[in-house]
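Derivation of every value follows stated rules applied to the coordinates shown; laboratory data play no part. Nothing here was measured: the structure is a model prediction, and the numbers come from that model. Please note: Cβ atoms are built from the backbone with ideal geometry, for glycine as well, and neighbour counts cover all protein chains shown.
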Amino acid sequence: MSSLESTETKRFGISITPENKPIVIASGFVLVILAIGTGYTLATQGTATLLSPTYLLQQLQVGSFLGIVAAGMMLVILLGHIDLSVPWTVAASAMMATAVGGPAAIPVGLTVGLTVGLVNGFGVAYLRIPSMIFTLGVNAVMRGLMVAHTGGFAPQTAATDLMQWLAVGKVLGIPVAILVWAAVSVGMTVLLSRSAVGKSIYMIGNREAAAYLAGIPTRRVIVAAFALCGMASGLAGTLLAGYSTKAYQGMGDAYLLPAIAAVVIGGTHILGGRGRYLGTVVGVILVVLLNSVLSIMQLPEAGRQVIYGCVIILMLLVYGRGQKVTQ
Amino acid sequence: MRNENEQIASKPGKPTSHQLPHVVLTGISKRYGGVTALDTVDFACSRGSIHAVLGENGAGKSTLIKIMSGVVQPDAGQMSIAGQPVVFPNPASANAAGVICIFQELSLMPDLTVADNISIADPPRRFGLIDSRAQRRRAEEVLASIGCEDVNPLSRIRDLPLSRRQMVEIGKALTKNPSVLILDEATSALTAADVEKVFDILHRLRDQGLSILTISHRMHEIEAIADMCSVFRNGRHIETFVEGTRTNTEIVQMMIGREITAHFPPKHERPPDDPSAAPVLETRGLNWEGRLTDINLTVRRGEIVGLGGLDGQGQKELLLGLAGVLKSVSGEILINGKKTSVSSPEAAKAEGAEIALIPEDRKTEGLMLGMSIADNLTAASLGRYSRFQILDSAAVTEAVRSGIERMRIKVGSPEDPVSTLSGGNQQKVVIAKWLLTEPKIILLNDPTRGIDVGTKQEIYRLLRELADNGASILFYSTDYEELIGCCDRVDVMYDGRIVRELVGDEINEHEIIASALNIEGGEVPDFLAGSDGQGGAV
Amino acid sequence: MKTRSAMTDLKIRASQNVGLLTAIAIFAVFYIFYNLNHPRGFSTAVLIQNSNEVYALAMVAMAQTLPVLLGGLDLSVGAVMTLVNTLASHVLNGTPFEMFLGFLACVAAGAACGFVNGCVVVYGRLQPIIATLATGAVYIGFALFLRPSPGGDVDGDLSWAMTNDLFEIAATYGFAENGEAAWFKTIAWIPTPLVLLILTAVLIWMPFRRSVTGRTVYAIGSGEGAAYMSGLNIDRAKIAAFTLGGLFAGLGGLYLALQTSSGNADIPQAGAYTLNSIAAVVVGGTSLLGGVGTAVGSIIGALVLRTISFNFRIFEIDPLLQPLIEGFVLLAAVSLGALRVLKVKNTLELFR
C-alpha cells in the first residue's frame, strides 16, 4: 500500500510526504476555485475580477481574521483538544476593547482573550474536563457576561483609530491586517517547528501519557496552548471590531466552524499530534476564496451551505482515508 | 499436574502417528511495504499437540498468527484446515472456522462487563435481544472452569487487575469452541498460580484433540507445556522439532543465527563503595494507598538492585512513586542523603534528582508512536538543546546521532516514524531517550518484556556498563532469570512490602521464588522450580 | 449468600452508573424546587408546558448519545433536526393518510441523514466530528431550500393533540368517549410529549441497547481494535448508530414543527441545539471518550438543562443575567467531573 503510494508520487518527480500531501492538494484546490470563479466572471461579466491583485489582497484581508483564529485553533487541535469558546471570546474582546477605548483598547482586547484562554487551559489541563465541554461552558459564560454588560444590544462604543488602522489600513498598498496575520504566522512557524513548546504540543497530541512520563510539563504546555488560542481570538476580535468600526453581538459566531474546517483542510489531524502550520494558511485561503466565489456567483445561502459542506468532505476524502483499526 | 489417563503421549513425548497435520500453511508470504514479514513459509500443526513458535521479535511469529486468525491476509500462499483450503478475510471468519486467537494486546473492551466480553461475539438471545441472565450464567460457568470464581461477571474489565483481565481473555476464547487455539504471549501478565491453571487447561484441551499454538518468550514455560517447537528467523521457518530434543543453547542459536557467548555480562568484583557514604537513592517508610507499605530500600552508586516477586505486588507502583507519578506518597525519599520531593516526572529528571523511568508499556507510555525516531529520542532532553525555548537544531541532530549510536538502533532515517521500528529497537529508543538526560538513577519497569533475545542481551550489557560508569539502577523484572543474571542485590516484594533482600549467592531461583510466594524454602511448586536456569533469558 | 451477592451486584451497578444517578438526583432536586416555588406547582398545566419544552432537546440529546458512545461527536444533530422541522412544516397536513405518509417521510429523512453521516464516517474513514461538521452544513443548506423564511402549515388538530395531555388526544380524535371514559381518567392528565418521550426510550432505545448491534456500539467506543478482534461487525454498528441518531434528531425536528406549527431553518437555533445536546449528554453521565453511558441519561441531562431555565422564569431573574447564570451552571455541572481528579492518586490514570 505504502510502496504503491510512493511510486505514484515519484512519478511526478517530487516527493510528497504524507505530511505535505494535504497542503499540496489544498493548494491545487485553491487554484481550481480561482479557475472556476474566473471562468464564471469571464462568462458573465467578461472580466477576470478574481485574479486582480486588488481583489486577492482584499480577500486575504478578510481572510486574516479567520487566519488568526485558525492559527490559535490549530495549537489546540494539535493537542487533541478543541476550543469552542472562540465565538464569544472574539466578541468579548471586541466589546471590551471598544468599551475601554484609547491606547489601552488593544491590550485590553488581547488580555480578555488571554484570560479566557487561561481559564480554558486550567479547566482542561488541571481539572481534566474534556475541552469540548469545558470550552463550551466558558463560551456560555462569556456570552452571559457580554449580554449582561451590553444589555443584549450592540454596544455604542466605537473602535479606536489604531484598531481601525490595523484592520483596514494599508502599508505600501498591502492591508495591515495581512501583515498582522503574517506576523502571527511567523510566530506560529517558529513556535511549532523550532521551539521546545512546539515539540511538546505535538508530543502531547500524540500520546499524553508518554509525554508526561518523559518529563514534559504537560499541564503548563496545555495551558500555554489554550492561552495562545485565546489570545489569537482576542486579537481577531479586536481587529474585527476595527474592521466594522464597532463590536456587535454574535460577531464571532461565523469564525468557529470555518476555523476548525480550515485547520483540518490544511491537513492537521483532528485528534491531534500531526499537522503543519503552512497547511492551516492554505486551508484559510481555501475557505475564504470558496466563500467569496460562491457569493460572486450569487448563490443563495442554501446552495452555499451545501457546497461548503461537500467541499470539506471531498477534500478530506481526497487526502486519503484514515487508517483502519487493523492498520 | 498432568492428566493420568491421557491417551496421547504427553510431554515430553513423541508425536504419534495419529497426530495428523490439522492446519497446514504452504508458501505463505507477507510484506508490509518494503519489509518482508514472512517469506514463503510452510508450516503445519497437528491435533492433540501444543506447538510452540519461537523467534526473535520481527522473526514473523506475530504475522504468522495474524494470518492464521484472519487479522491480516497473506500476499501469497494457501492455508488449509483438516484438508480443506480456507481463506480468512477477517477475524470473524477465522473464528467461524474454529481458529481462535488470544492476542498479546488484549481483545477485551474495558468499559464492558466481564459477562458482556465473554459473550461478545455470540451472546445468548431471547426474542432477538441479548438475554443478560443467560449471558451471566454462561460467564459464571466459564469463570469457574478457569478457576476465576472471584471475578464478578458484572464487573467492568477496566476495574480488574491485568492478570484477571488476561484470564477473562482466555475464558472468552474458550467459549468459542476452538479447534485451533492460538496464544500470543497470553501468559505474560499472569501470576504464577494463574499460569499453572492455564497450563492445566491447555493440557486438558490438548488431550481433547485441539491444536494449540503458543508464542512465548519464556523458555521455562515452553519447556513446561510444549510438545513441538518451531523456530522462526527473519520471516523464515527455520526448523521444527520435538520439544526436548534440542538444548536451550541450540535453540537460542537457531533463533538468532549466531553464537552466543554469555547470556549475562559478568558482575564485576568491585571494591564496595565507602559504606559510610550515603546511598544515591534511599527510601524510608514509603506508603501509598495500601499498595505500598513501609518500603525501605537503598541503591548505591554503581549498583544494580533488582525488584522481584510475583507480578502486581507493588513493584510498578514503587517505581512510579519514585518517578513522581503517584500522588500522596508518604515517607521519605533521599537522594545522595538529601531529602528530596519528587512531584512529577518533570521534577524527577531535574537537577538534584536526575531520575529516569523506563516505563512498562513502550507503546502507550514510552513512545509517541506517531512521531519520528528523532523526536522520540529527544523528548526527555529537549531543554538541553534550547535557549529561550528555541531549539538549536545542530545540537538536536547531534543528540539524535549519539542516541542512535549509543544504543545501536537500526534505523533507516531518524525522521522515520518510530512505529516502523521493531519492538526491540523501539525499546532501545525509549532507553536512549532517557540516557540523553544523563540520569544518575535509572528505574526500569520490566524493560525486556516481549523483546527478542538479541536486544535483551544488549540491554543487560548496557545496564552493567551504566552501573560501572556510576549510575544507580533499580530494575524490576518479571523474569527471575534476569534478576539472577543482572542484579547485585534483589529486593523481593510481596503484597506491597519488601519481604526479603537477597545478596550474593542468595540470588538464586529457589530463594527468589520462595520469597516471592512469601513462604519458607522447600515448598516451591514443582512447575515453578522446573527451569534449570540455563538459557532462561529467551 | 444469595442476598449478599445481590447486594454486591447492586453496588457494582450503582458504582458503574454514578454519573447517571447524580444527574437524576440533580434533576429531582431542581424540579421539585421549581414546583414548590411555582404558583401552580405540581399541576398538569405546568407539567404539559415543561414536557413540551423538553421533548425536542431530549431527542437531540439522545441522537447525540450514539456517536458519543462510539467515541465520536455529531455536530450535525441540530442541522438534522432543523431539516426535518422544515420538511414537516410542508408535509404534516391534509388527510390523516397524507399526514401519516408525511410523518413517515420525516422519520425517514432523519434516518437518511444519519445514514449518510454513518456512511461518510465508515466508508470515507473520516473523524465523526469533522465529517458531521460538513454534512451539517449540507443539511442546513437543504433546510434553507425547504424554508427560505419561517412559516408552514401543520395540521392544527394534530398539533393541538400532540402538545397537550392524553385527554386532548382522546377529545380531538374521539375515542374513550372523547376522553371522558372512567378508565381513561387515571391517565388522561399525562402530557402527550412525556408519553412520546417514554415510548421513544422504551420502544426504540431499550431494544437497541440490548441488541447485538447496540452492544457492538458500546464495544467500539470502549476499544475499536478489541471489538474488531472479537469479530464484531464494526461498520454495520457504526452506520446503525448514526442512522438511529439521525432518526432521534428527526423526531425532535418533527415535534418542534408540531409545537410551533411551522418550520424554520434557523441556523443559530440548530447550533444551539447541537451544543446543548453535547452538554445534556455529558450531564447525563455519558463519557465523551465513548463506551460508557446511555441515552436515558441524556434525557435526564436534557431535563436538567431545561429545569434550570424553568427556575429562571419562576424567580424572574433579569433576562440579561440568565445566559450568565446558565453558563455558570453548565460550567459548574461539568466541573463536577473534576472531583475525579482529586481522587486519582496515580497520575497516569488521568490520561486514559
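At 7 Å along the Cα-to-beta-carbon direction for both residue C:344 and residue A:128, put a label point, then send me their distance in nm to one decimal.
0.2 nm
Note down, for the stretch B:141-257, the three equivalent ellipsoid semi-axes (square root of 5 times each alpha carbon gyration tensor eigenvalue), biggest first, whole angstrom.
Rounded to whole Å, the semi-axes are 30, 15, 12.
Give me the one-decimal nm value for the distance between modelled label points at residue B:207 and residue C:233, 7 Å along each residue's Cα-to-Cβ direction.
4.1 nm
Over the stretch A:144-255, with a single point scatterer placed on each C-alpha, what log10 of the ratio I(q)/I(0) does the Debye formula yield at q = 0.13, 0.15 1/Å?
So the normalised log intensities are -0.68, -0.81.
So how do B:305-315, C:93-103 stack up, highest first, on mean other-Cβ count within 10 Å?
Ranked from most to least packed, the peptides come out as B:305-315, C:93-103.
Based on DSSP, what percent of beta bridges with both residues in chain B are antiparallel, to the nearest 5? Write out the running numbers ahead of the final one.
On the way: 46 of 82 bridges.
Counting DSSP beta bridges with both partners in chain B, the antiparallel share is about 55 percent.
Suppose every Lys and Arg Cβ carries +1 and every Asp and Glu Cβ carries -1, with no other charges. What dipole size does the stretch A:60-318 come out with about its Cα centre, to the nearest 20 debye?
520 debye
Computed over the Cα atoms of the stretch C:242-352, what is the convex hull's projected area averaged over all directions, in nm²?
Computing the convex hull of the Cα atoms and averaging its projections yields 9.3 nm².
Can you give the convex hull volume of the alpha carbon atoms of the protein assembly as shown per residue, in Å³?
205 Å³
Can you list which of the DSSP-assigned H helices in chain C have a Cα extent of 30 Å or more along the long axis and an average Kyte-Doolittle score of at least -0.5?
C:44-69, C:96-123, C:234-260
What's the average, rounded to a whole number, of partner chain beta-carbon atoms within 10 Å of each residue's beta-carbon in C:145-156?
1
Find how much the distance from residue A:149 to residue A:17 grows on full extension, using 0.36 nm per residue of separation minus their present alpha carbon separation; answer in nm with one decimal.
Gain on stretching residue A:149 to residue A:17: 42.5 nm.
Which aspartates and glutamates have a Cα less than 15 Å from the Cα of residue B:61, not counting those fewer than 8 places away in the same chain?
B:39, B:42, B:105, B:184, B:185, B:239, B:452
Would you calculate the convex hull of the Cα atoms in chain B and tell me its volume per residue in Å³?
In chain B, the Cα hull volume divided by residue count equals 169 Å³.
Along each principal axis of its Cα atoms, how long is the stretch B:281-516 end to end? Whole angstroms, biggest number first, please.
In descending order, the Cα extents are 50, 39, 30 Å.
For chain A, what is the relative contact order in percent, using Cα pairs closer than 8 Å and at least 6 residues apart in sequence?
Relative contact order comes out at 32 percent.
Taking the Cβ of residue C:329 as the center, what net charge do the other residues with Cβ under 15 Å away carry, scoring Lys and Arg +1 and Asp and Glu -1?
+2
How well do other chains shield peptide C:122-135, expressed as the mean number of their Cβ atoms within 10 Å of each residue Cβ? Kindly include the intermediate steps, with their values, before the conclusion.
Numbers: counts 0, 2, 6, 7, 9, 6, 1, 6, 11, 6, 1, 10, 12, 4.
Mean partner shielding for this stretch: 6.
Just tell me which lysines come within less than 22 Å, Cα to Cα, of residue B:197; anything on the same chain fewer than 8 places away is out.
Counting by Cα, and skipping residues close in sequence, residue B:197 has these lysines nearby: B:11, B:172, B:176.
Counting only residues 5 or more places away or on other chains, whose amide H sits under 5 Å from the amide H of residue B:472 once H atoms are built in the peptide plane?
Close amide H contacts, sequence-distant or interchain: B:302, B:441, B:442.
What do you get for Rg/Rh of the stretch A:136-185 when both radii come from the Cα atoms and Rh is the Kirkwood radius?
Checking Rg against Rh, the ratio lands at 1.18.
For a quick protection proxy, order the peptides A:63-70, A:112-119 by their average other-Cβ count within 10 Å, most packed first.
The peptides rank, most packed first, as A:63-70, A:112-119.
Translational diffusion coefficient of the stretch C:60-179 at 37 °C, 0.692 mPa s, Stokes-Einstein with Kirkwood Rh over Cα pairs, in µm²/s as a whole number.
The calculation lands on 206 µm²/s.
Regarding chain C, what are the three Cα extents along the principal axes, ordered largest first, in Å?
Per principal axis, max minus min of the Cα coordinates gives 61, 50, 48 Å.
Net charge near residue B:332, counting Lys/Arg +1 and Asp/Glu -1 over other residues with Cβ under 10 Å of its Cβ?
+1
For residue C:238, which lysines qualify as cross-link partners when the Cα separation must be under 19 Å and same-chain residues fewer than eight apart are set aside?
Result set, ordered by chain and number: A:324.
When you have a sec, figure out the Kirkwood radius of chain A from all distinct Cα pair distances and drop it here in Å to one decimal? Provide the component values of the computation, followed by the final result.
Values: mean 1/r = 0.0487 Å⁻¹.
Value: 20.5 Å, from the Cα pair sum.
Report the label-to-label distance for residue C:328 and residue A:161 in nanometres (one decimal), using points 7 Å from each Cα along the Cα→Cβ vector.
Computed distance between label sites residue C:328 and residue A:161 equals 4.1 nm.
So which DSSP H runs in chain A come out at 30 Å plus along the axis (Cα) with average Kyte-Doolittle of at least 1.0?
A:21-44, A:53-78, A:218-243
Could you work out, residue by residue across A:82-88, how many beta carbons of other chains sit within 10 Å of that residue's beta carbon, and then give the average as an integer? Mind dumping the intermediate values first?
Working: counts 2, 0, 2, 0, 0, 1, 2.
Counting Cβ atoms of other protein chains within 10 Å of each residue's Cβ and averaging gives 1.
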